[in-house]
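The values are calculated or read from the model by the stated rules, or taken from the named source; none is laboratory data. Just so it is clear, the structure is predicted and the values come from calculations on it, not from any experiment. Cβ atoms come from the backbone with ideal geometry, glycine included; neighbour counts cover every protein chain shown. Note: areas computed on protein heavy atoms with side chains; ligands, DNA, RNA excluded. Shrake-Rupley method; radii C 1.70, N 1.55, O 1.52, S 1.80 Å.
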Amino acid sequence: MTITAPVQPARDANPPPLRLETLVRLRWLAIGGQTLGVLFVALMLGFPMPLVACLALIALSALLNLWLVVRFEAGRRLSTRFAAAQLAYDCVQLAALLGLTGGLQNPFSLLLLAPVSVSATTLPARATFVLAALAVALATILSVVHFPLPWMPGETLVLDRVYIVGIWVSLVCGVVFIAAYTNR
């Protein structure tokens, strides 16, 4: 007598990966955090920074979210390609914001891991690895191309190049670990 585990029907085996409502809520959370962070640094700390450009990037995400809410129903399950494109947008938008505020010197550069994490837990491995490659490419660009880190007026904070390389290596290791391990 052979006992086998029950097999679920094929239609339940791979449901569409992510609900639109989940992505929209995560993006609203990012929008709120980015807005608070930028306003705190500019207004409370008084650090000079490209405030209008930063707020414009954040507003672009808010407009995208509003368009998604108006265009699609909240409970809609997204195709893998559409969900991956939304997470890729989040990576690029965050990278642009980081580029305006210090690149990898900005302590919030760690948040480049967030879209990869969401992908690794909800999307197929292929989409996650593409998103991971995008995050690594963006981190690489940010290690070289960025505006200065907002700091005390009249002062410039310059971190040693070896330290920046260390931040880059840690981000790459985090992206690879999340993409490989979480997706398993």
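Say the dipole of the stretch 39-184 comes from +1 at the beta carbon of Lys and Arg and -1 at that of Asp and Glu; which of G154, A96, G75 then lies farthest toward its positive end?
My answer, from the dipole projection, is G75.
Measure out, as a whole number of angstrom, how far apart the alpha-carbon centroids of the stretch 42-108 and the stretch 129-166 sit.
Using only Cα atoms, the two centres lie 17 Å from each other.
Order C173, C91, most accessible first, counting only protein heavy atoms with a 1.4 angstrom probe.
These residues rank, largest area first, as C173, C91.
State in Å² the accessible area per residue of the stretch 19-86; use a 1.4 Å probe, count heavy atoms of protein chains only, and round to the nearest integer.
Solvent-accessible surface per residue comes out at 60 Å².
With θ set to phi - 60°, apply the Karplus curve 6.51 cos²θ - 1.76 cosθ + 1.60 along the stretch 23-30 and write out the HN-Hα couplings as whole Hz, x wherever there is a Gly or Pro.
5, 5, 5, 4, 5, 4, 4, 5
Hey, what's the per residue convex hull volume over the C-alpha atoms of the stretch 42-147, in cubic angstrom?
110
Taking the Cβ of V70 as the center, what net charge do the other residues with Cβ under 14 Å away carry, scoring Lys and Arg +1 and Asp and Glu -1?
Here the count lands on 0.
Counting other Cβ atoms within 10 Å, keep those with at most 15, restrict to DSSP loop, and tell me which chymotrypsin sites (Phe, Trp or Tyr not before Pro) in the stretch 69-98 are left.
F72
Plugging the Kirkwood radius over Cα pairs into Stokes-Einstein for the chain, at a temperature of 25 °C and a viscosity of 0.890 mPa s, what D comes out in µm²/s?
Here the translational diffusion coefficient equals 137 µm²/s.
Note down the Stokes-Einstein diffusion coefficient of the stretch 110-184 in µm²/s, whole number, using a Kirkwood radius over alpha carbon pairs, 10 °C, and 1.306 mPa s.
So the translational diffusion coefficient is about 118 µm²/s.
Scan around L18 for amide H atoms under 5 Å from its own, H built in the peptide plane at 1.01 Å from N, and keep only partners 5 or more places away or cross-chain.
Amide H neighbours of L18, under 5 Å, 5+ apart: L78.
Would you mind checking the tilt of helix 51-71 against the longest principal axis of the Cα atoms of the chain, expressed as 0 to 90 degrees and rounded to 10?
On a 0 to 90 degree scale, this one is about 20.
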